[in-house]
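The values are calculated or read from the model by the stated rules, or taken from the named source; none is laboratory data. Quick caveat: nothing in here was measured; it's all calculated off a predicted structure. Note: ideal-geometry Cβ built from the backbone for every residue, glycine included; neighbour counts use all protein chains shown. Quick note on the areas: whole protein, heavy atoms, side chains included, nothing else; ligands and nucleic acids left out. Shrake-Rupley method; radii C 1.70, N 1.55, O 1.52, S 1.80 Å.
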Amino acid sequence: MDCFSSSTMEGSLVSSQAIPVSEDDYCNSSSAPADAAGSSSPAVAKLRKLLFRRMLIGVNDGRYFLGLFHCIDKQGNIILQDAVEYRSARHSSPPTEQRCLGLILIPAACRSSCQVDCSIEEKMSLLCLE
């Protein structure tokens with residue numbers, strides 16, 4: 001099933017339309033400039049590199065969510081946009097069911113794994129602490 005097109009799901013019409021948002025619009029949307037007190041912290045800079053990247057998050061009950069990283073709060077809750085849920089009837093079988101969800105919040109307490117879709121070089125630079 002293609003999440004980005006109109007389709008019928010569970011008897012209702014679901015329509016997803018992408019709204020173009022640039023990374024600059026997102027980063028500069030706060031009321032205070034990001035560099036108001038000098039430069040932003042290295043952790044914030046690394047998180048900005050993850051904006052709008054495809055992310056796969058596993059939760060404690062065995063489900064997986066695939067979507068675009070939208071934001072994270074101080075508690076570690078993650079918001080994904082254009083998210084798709086994958087789940088299986090049994091924990092030992094591969095994901096068999098999927099459904100389009102749109103914008104979702106995944107609580108930090110429920111998260112069991114998190115993977116970002118990027119090149120090996122980018123992953124290594126994100127792991128570097130300095």
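Using the structure shown, decide if Ser39 is open to solvent by 50 Å² or more (accessible area, probe 1.4 Å) and either in a loop (DSSP other than H, G, I, E, B) or at pLDDT below 50 (or both).
Criteria met by Ser39.
Among the residues making up segment 108-125, a single one is surrounded by fewer than 13 Cβ atoms within 10 Å (Cβ to Cβ) and in contact with a helix residue (DSSP H, G or I) (Cβ under 9 Å, 6 or more places away or on another chain): Ser125.
Considering segment 74-102, the residues that are among the basic types (Lys, Arg) and assigned to a strand (DSSP E or B) include one that is modelled with the highest pLDDT, namely Arg99.
When Leu66, Leu105 are checked against the criterion of being at pLDDT 95 or above, open to solvent by 80 Å² or more (accessible area, probe 1.4 Å) and at negative phi, a single residue qualifies: Leu105.
All of (1) at pLDDT below 90; (2) exposed (fewer than 14 other Cβ atoms within 10 Å of the Cβ) hold for Lys46 with one exception: (2). For the structure I just gave you, tell me whether Leu68 is in contact with a Lys or Arg (Cβ under 7 Å, 6 or more places away or on another chain) and without any contact (Cβ under 8 Å) to a residue 24 or more places away in the chain. So Leu68 passes the test.
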